[in-house]
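Structure first, commentary second.
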Amino acid sequence: MSSTPKMLHLTAEIVKRVYHPGRVLGEGSDGIVQIFHDRKDNSRQIAVKYPIGTKTSSSLMTELAVLQHLQKHQRTHENIVTMLGFDKAWIPHSPAIFMDYCELGDLWHYRLSVSFFEELTLWKLFADMAKGLHFLHAEQPVPILHGDFKPLNILVQRPPGNTEKIVVLPIFKLADFARATPMNRQVIEQTKWKFAGTPEYAPCRAERKNATLAADIWACGATLQFFAFGRNPTVSMRKFRQQHPELDALNDEQIRYHLPFKFRPLTAGPDVQVNELDVSKEYQSPGYSERLNKWYSLCVQPDIDSRITAHELMEAVVPVAESKIKIGLAKRAVEEHQLKLEKLKKPGKSAVAPPEKPTASLLAPPPIAIPPTVPPRPQVPNWMTRKEALRKAMVENAQENGKIPPPLLERRDR
Ligand SMILES: Nc1ncnc2c1ncn2[C@@H]1O[C@H](COP(=O)(O)OP(=O)(O)OP(=O)(O)O)[C@@H](O)[C@H]1O
Ligand SMILES: [Mg+2]
């Protein structure tokens with residue numbers, strides 16, 4: 001479970017004595033995150049988050065409280081960022097949170113650093129997000145809503161010993177708990193909660209009035225769509241403005257809150273992606289399986305009662321993802337073995353070239369692509385009833401593994 005052996009062992013005194021500050025890793029509305037290098041061994045780093053001004057310290061106090069709660073009794077989780085310590089009197093502004101450094105950065109930049117990822121990485125991401133959400137929603141005494149689930153708040157870590165240039169199976173971790181909320185009575189009854197998440201990853205505006213765990217699940221599906229196509233899961237700003245000239249007076253920041261979600265099926269092929277789904281050519285993917293698409297569709301059901309829960313994701317999607325990963329790893333091992341054999345057969349000559357890696361591209365958000373004709377907006381498929389959909393998908397899972405389909409799950413974590 002734990003990715004770091006020593007939790008909560010760092011104090012401000014140790015940090016200042018052992019580490020020296022390096023570059024800023026990220027700066028958001030809540031604070032600055034800066035890398036600190038070990039003075040003796042530059043390859044050992046931690047990440048320190050602290051407020052930019054005193055104004056923002058309350059959200060960091062929330063984040064600190066949530067992380068302390070999640071790590072109670074020295075418990076940590078592989079898919080949640082690990083807090084190594086904190087300081088409530090950090091200079092220049094407090095509190096400071098000392099975290100495990102994730103060398104591959106956040107999911108947004110990780111995705112946009114290559115043209116596309118193979119399906120295996122999408123299953124790994126799906127499983128890791130599901131496990132992290134299950135920990136928050138279903139393994140706490142009071143369920144915790146993340147409240148700002150999105151690619152920039154998911155960190156990517158290289159597994160120990162891995163040296164791949166593009167890591168196919170990294171460890172994905174949920175981070176940034178500044179807007180997390182324990183779902184206690186006041187929050188559920190709406191006397192103490194206001195939407196403060198990121199509109200592009202939030203469910204429809206009506207749903208943003210209430211705090212529900214289902215909003216995190218929606219964002220998980222939206223994040224998977226981002227990872228498939230390298231763009232936010234909404235209608236593009238330009239196109240929305242063309243369609244709504246009556247909103248001309250609003251600036252881009254205000255328009256963000258109105259942009260509707262756009263369902264982009266993960267099965268769409270490269271041409272459809274570019275011609276009909278506003279995907280940039282730079283980030284076109286080959287298209288993914290119907291299986292993955294079905295589970296993703298269940299995350300972005302507009303109706304909360306039709307949307308899958310963290311418990312169901314854990315029970316139904318994680319095992320499929322893990323079996324896909326096992327098969328994928330076995331295939332890779334066979335391919336590597338074949339390559340070695342080829343090399344042995346042709347001494348002196350270089351063996352068959354290794355499979356081409358996705359090309360690197362700039363670490364910049366994708367430009368908004370406007371296709372020549374405005375395509376009709378595809379609707380999220382009406383997935384029969386939630387029960388039927390789950391049943392069907394679980395039967396398929398069971399058939400693939402040669403097992404009897406399990407009984408339908410009861411809704412627990414909502
Ligand atoms: N432990 C870490 N390791 C590596 N990079 C990190 C780490 N923590 C944060 N970052 C980087 O810093 C960025 C900002 O971190 P974080 O989301 O916690 O701050 P924030 O101020 O709440 O941001 P925002 O308000 O934009 O959501 C992340 O998107 C990521 O790029
Ligand atoms: Mg953030």
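Can you list the HN-Hα couplings for the stretch 121-127, worked out from phi with the Karplus curve (6.51, -1.76, 1.60; θ = phi - 60°), rounded to whole Hz and with x for Gly and Pro?
5, 5, 5, 5, 4, 4, 5
So, by mean Cβ neighbours within 10 angstrom, what's the order for 238-249, 147-158, 279-290 with the highest one leading? Intermediate values should be presented prior to the final figure.
Details: 238-249: 11.7, 147-158: 23.2, 279-290: 17.1.
Output ranking for 238-249, 147-158, 279-290: 147-158, 279-290, 238-249.
What is the spin-label model distance, in nm, from residue 267 to residue 282 if the labels are put 7 Å beyond Cα along the C-beta direction?
3.0 nm
So how far apart, in nm, are the two label points at residue 326 and residue 305 if each is 7 Å from Cα heading toward Cβ?
In this crude spin-label approximation the distance works out to 3.7 nm.
Just the number, please: Stokes-Einstein D of the stretch 8-52 in µm²/s, Kirkwood Rh from C-alpha pairs, 4 °C, 1.567 mPa s.
119 µm²/s
Just to confirm a number: summing +1 for Lys and Arg and -1 for Asp and Glu over residues other than residue 128 whose beta-carbon lies under 9 angstrom from that of residue 128, what do you get?
Once positives and negatives cancel, what remains is +2.
Once phi is turned into ³J(HN,Hα) by the Karplus curve 6.51 cos²θ - 1.76 cosθ + 1.60 with θ = phi - 60°, what whole-Hz value does each residue of the stretch 95-107 show in order, with x for glycine and proline?
x, 10, 10, 9, 10, 4, 7, 9, 5, 8, x, 9, 5
Using r as the Cβ-Cβ distance of residue 164 and residue 39, and R0 as 25 Å, what FRET efficiency do you calculate, to the nearest 0.05?
0.30
Using per-residue counts of other Cβ atoms within 10 Å, averaged over each peptide, order 221-230, 313-322 from highest down.
221-230, 313-322
What nm distance separates the two modelled labels at residue 399 and residue 27, each placed 7 Å from Cα along Cα→Cβ?
With each label placed 7 Å out from Cα toward Cβ, I get 5.5 nm.
Could you please report the charge total around residue 20, scoring K, R as +1 and D, E as -1 over all other residues with beta-carbon less than 13 angstrom from its beta-carbon?
Details: positive: 16, 17, 23, 39, 40, 44; negative: 38, 41.
My count for the surroundings of residue 20 gives +4.
For the stretch 95-228, rounded, prolate or oblate, judged on the Cα gyration tensor with a ≥ b ≥ c (square roots of eigenvalues), a/c < 1.5 rounded, else prolate if a/b > b/c? Spell out each step's value before the answer.
Numbers: a/c = 2.20, a/b = 1.73, b/c = 1.27.
Note, shape of the stretch 95-228 comes out prolate.
By its C-alpha gyration tensor, with a ≥ b ≥ c as the square roots of the eigenvalues, how is the stretch 107-318 shaped: rounded for a/c under 1.5, else prolate for a/b larger than b/c, else oblate?
oblate
Ranked highest first by average number of other Cβ atoms within 10 Å, how do 8-14, 44-50, 29-35 line up?
44-50, 29-35, 8-14
How fast does the stretch 17-128 diffuse by Stokes-Einstein, in µm²/s, taking the Kirkwood radius from C-alpha pairs at 20 °C and 1.002 mPa s?
Value of D from the Cα-based Kirkwood radius: 138 µm²/s.
Here, each number is a calculation from the coordinates, and none is a lab measurement. For clarity, every value in this text was computed on a predicted model and none was experimentally measured. Neighbour counts run over all protein chains shown; Cβ positions are idealised from the backbone, glycine included.
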